[in-house]
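Q: Quick one: this structure, given as structure tokens, is what I'll be asking you about.
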Amino acid sequence: MKPSDILDLDRDARQALWKRLAAIIESYMEDLPGTRVAPELDPKRIRGLLEAVDFSRSLPPLEAVDFIDGALRSHQVHTPHPRYFGLFNPAPAAMGIAADTLCAAFNPQLAAWSHSPFAVEAERHLVRAFGRRFGYDAAHTDGTFASGGAEANHTAILTALVRAFPETARGGLRAVRKPPIMYVSSESHHSFLKAARACGLGTEAVRQVPVDAGLRMDVRALQAMIAEDREAGRAPFMVAATAGTTSAGVVDPLDRIADAATRAGGIWLHVDAAWGGAAVFAPGLKDLLEGIDRADSITFDAHKWLSVPMGAGIYITRHTDILGRTFGIAADYMPHDAAGMDVVDPYHHSIQWSRRFIGLKVLMALAVAGWEGYSAVIQHQARMGDLLREELRASGWTIMNETRLPVVCFVDDDRPDGRSERFLEAVAQGVVASGQAWLSTVRLGMGARPALRACITNYRTEKEDVRALVRVLHGVRTKIEETA
Ligand SMILES: *Cc1c(COP(=O)(O)O)cnc(C)c1O
């Protein structure tokens, strides 16, 4: 057999394969509302399934595809399900699925501009378009697509370090005389801690600024911590505000934090708007992000509220030279075909080297839905969040977080143990085990108060789904009472 017969299959087999793929995707989308949201977890069964695939026998292509179809249907939390009220994992938009399929087939290489000029320029176009929506001036906007928000936040720390301590690009942190310090709120995403480790800063370089009763960064505390660090001979270099916290969907006071960063001598302001950034596309929510245009850099995750398949993070900055100064490395073996042109090789602007066309799914989804389409989707989800708050209150639950974004944290004040971790955990487990919906628990604020958390993360979620969740919650709560 020729290598191409082995890996390309023959024409008939391929056509049957594409047809089956399309049928599977369509039936998955159709069947989803009627299926369990979460599987029963059974590692033994899954390992047993996989043992049958030992690579000593060649599987017919359709058999392989059907095997994966069955395995994924039975063994994953169906985040595209309209009753998945979970972490910021939406259903993937149809255009996003199409884009990822095209991307796999054309496999553009986004390390060097000259290898994939259209793809690189398309991402530049998107970065500028998003920058403009966040209030940046297009001529002063740069950025890079990333695997997700974690990589975008990591990129932010690296660029802030290079701006504050240009010597680190060559000498590393050893070249810095005073210990660099960065600030996040205690409600910020934990990717900052991991990135601090990966940057060689270590987690002790990350100050967790306390939050106020509304779970927003306490700006006075931030200022006091910066002053104290300065006094002690340390070097504050970055503050990262969050626009839409993971636990409670709360937006830090961006304008006041920007003022504090300016007053502290212009330390780098990063805004982590991984999920909440999409609020700028909805006229009714845009005001929540006031001040984001003052950020030195922004994290925005298209695989969250723009509902494209994972992973699609975006790092955007208004410092057009900083990515090059942070990541530019000369490599002789890289193509020089575009030398002399006014273009940028992505590998000079990113942690990644060989890289897929992450932006294609964003381009295609946005081109078809348009800003107006996304605005309608985002406002629909916000309305479903309002409805969820209403229905929960009517069912006797107490809402613990204040936000207009559709993340709702709640407890049960009708019973003495209704705020206990044990009870709330039992409710979440009961809901998940029912297969009828998925939600989780979080801990909020300085007292790490436990709460149930439900997010309208999915554009398919409708009123009936919200009401079903509240019914299931009530059923589980009643059953816990009976068995207590
Ligand atoms: C999800 C999230 C991240 C991490 O993004 P990934 O895409 O999971 O890497 C960072 N910050 C916030 C606020 C998030 O919600």
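The values are calculated or read from the model by the stated rules, or taken from the named source; none is laboratory data. All of these numbers come straight from a predicted model, not from anything done at the bench. Using ideal geometry, Cβ is built from the backbone for each residue, glycine included, and neighbour counts are taken over all protein chains shown.
Q: Anything in segment 312-328 that is of a type in the set (A, V, I, L, M, F, W, C) and part of a loop (DSSP other than H, G, I, E, B)? List them, or say none. Show your work before the answer.
A: Looking only at segment 312-328, we keep the residues that are of a type in the set (A, V, I, L, M, F, W, C), and these are 312, 314, 316, 322-323, 327.
The answer is A312, and nothing else.
Q: Just to be sure before I move on: is G86 surrounded by 19 or more Cβ atoms within 10 Å (Cβ to Cβ) and over 30 Å from E464 (Cβ atoms) in the structure I sent? Steps first, answer last, please.
A: Working: surrounded by 19 or more Cβ atoms within 10 Å (Cβ to Cβ): yes; over 30 Å from E464 (Cβ atoms): no.
So G86 fails the test.
Q: Are any residues in segment 463-484 surrounded by 15 or more Cβ atoms within 10 Å (Cβ to Cβ), of a type outside the set (A, V, I, L, M, F, W, C) and under 26 Å from the mean Cα position of the chain (by Cα), and if so, which ones?
A: D465
Q: Do the conditions hold for A175, that is, is it more than 22 Å from A150 (Cα to Cα), of a type in the set (A, V, I, L, M) and surrounded by fewer than 23 Cβ atoms within 10 Å (Cβ to Cβ)?
A: Numbers: more than 22 Å from A150 (Cα to Cα): yes; of a type in the set (A, V, I, L, M): yes; surrounded by fewer than 23 Cβ atoms within 10 Å (Cβ to Cβ): yes.
Here the answer is yes, as A175 does meet what is asked.
Q: So M238 fits all but one of (1) in contact (Cβ under 8 Å) with a residue 40 or more places away in the chain; (2) surrounded by fewer than 24 Cβ atoms within 10 Å (Cβ to Cβ); (3) more than 14 Å from the ligand (Cβ to nearest atom); (4) not in a loop (DSSP other than H, G, I, E, B); what number is the exception?
A: (2)
Q: Let me ask something else. Within segment 49-108, track down each residue that is under 27 Å from V432 (Cα atoms), under 22 Å from the mean Cα position of the chain (by Cα) and among the acidic types (D, E).
A: Selection gives nothing.
Q: Sort out which residues of segment 173-194 are touching a residue at least 40 places away in the same chain (Cβ under 8 Å) and within 16 Å of the ligand (Cβ to nearest atom), and write them in order of number.
A: Matches in segment 173-194: M182, Y183, V184, S185, S186, E187, S188, H189, S191, F192, K194.
Q: Residues of segment 82-99 being touching a Leu at 6+ places or on another chain (Cβ under 9 Å), away from the ligand (no atom under 16 Å from the Cβ) and more than 15 Å from Q381 (Cβ to Cβ), which ones?
A: Residues satisfying the conditions are M95, A99.
Q: Name the single residue that is surrounded by the fewest Cβ atoms within 10 Å (Cβ to Cβ) among those in segment 144-172 being within 11 Å of the ligand (Cβ to nearest atom) and outside any helix (DSSP H, G or I).
A: Residues of segment 144-172 within 11 Å of the ligand (Cβ to nearest atom): 146-154, 156.
Checking the rest, the ones that are also outside any helix (DSSP H, G or I) come to 146-148.
Values: A146: 25, S147: 18, G148: 20.
Per the stated criteria, the residue is S147.
Q: Is it true that V362 is in a loop (DSSP other than H, G, I, E, B) and among the aliphatic types (A, V, I, L, M)?
A: Values: in a loop (DSSP other than H, G, I, E, B): no; among the aliphatic types (A, V, I, L, M): yes.
Criteria not met by V362.
Q: Please verify whether segment 218-225 includes one or more residues that are within 16 Å of the ligand (Cβ to nearest atom) and either in a helix (DSSP H, G or I) or more than 24 Å from D252 (Cα to Cα) (or both). Give the derivation first.
A: Going residue by residue through segment 218-225, those that are within 16 Å of the ligand (Cβ to nearest atom) are none.
Taking every residue of segment 218-225 in turn, none turns out to be within 16 Å of the ligand (Cβ to nearest atom) and either in a helix (DSSP H, G or I) or more than 24 Å from D252 (Cα to Cα) (or both).
Q: Right, here's the next one. Quick one: D293 ticks every box in (1) within 25 Å of the chain's Cα centre (by Cα); (2) under 25 Å from G445 (Cβ atoms) except a single one, so which number is it?
A: Checking D293 against (1) within 25 Å of the chain's Cα centre (by Cα); (2) under 25 Å from G445 (Cβ atoms), the one that fails is (2).
Q: Separate question: Across segment 276-311, what is the number of residues that are within 15 Å of the ligand (Cβ to nearest atom), of a type outside the set (S, T, Y), more than 28 Å from P180 (Cα to Cα) and in a loop (DSSP other than H, G, I, E, B)?
A: 9
Q: Got at least one residue in segment 184-198 being surrounded by fewer than 19 Cβ atoms within 10 Å (Cβ to Cβ) and in a loop (DSSP other than H, G, I, E, B)?
A: yes
Q: Also, I was wondering about something else. Report yes if some residue within segment 343-355 is basic (K, R), at pLDDT 95 or above and part of a helix (DSSP H, G or I); otherwise report no. Full working, then the answer.
A: Initial filter on segment 343-355 (basic (K, R)): 355.
Those left that are additionally at pLDDT 95 or above: 355.
Narrowing the set further to residues that are part of a helix (DSSP H, G or I) leaves none.
Within segment 343-355, not a single residue is basic (K, R), at pLDDT 95 or above and part of a helix (DSSP H, G or I).
Q: Now a separate question. Do we find that A213 is aliphatic (A, V, I, L, M), more than 16 Å from the ligand (Cβ to nearest atom), in contact (Cβ under 8 Å) with a residue 12 or more places away in the chain and in a loop (DSSP other than H, G, I, E, B) in this structure? I'd like the intermediate steps shown before the answer.
A: Values: aliphatic (A, V, I, L, M): yes; more than 16 Å from the ligand (Cβ to nearest atom): yes; in contact (Cβ under 8 Å) with a residue 12 or more places away in the chain: yes; in a loop (DSSP other than H, G, I, E, B): yes.
Against the criterion (aliphatic (A, V, I, L, M), more than 16 Å from the ligand (Cβ to nearest atom), in contact (Cβ under 8 Å) with a residue 12 or more places away in the chain and in a loop (DSSP other than H, G, I, E, B)), A213 qualifies.
For every residue, the table says whether it meets (1) under 30 Å from L469 (Cβ atoms); (2) touching a residue at least 24 places away in the same chain (Cβ under 8 Å); (3) over 26 Å from the mean Cα position of the chain (by Cα); (4) surrounded by 11 or more Cβ atoms within 10 Å (Cβ to Cβ).
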| residue | (1), (2), (3), (4) |
| --- | --- |
| M1 | no, no, yes, no |
| R11 | no, no, yes, no |
| R20 | no, yes, yes, yes |
| M29 | yes, yes, no, yes |
| P39 | yes, yes, no, yes |
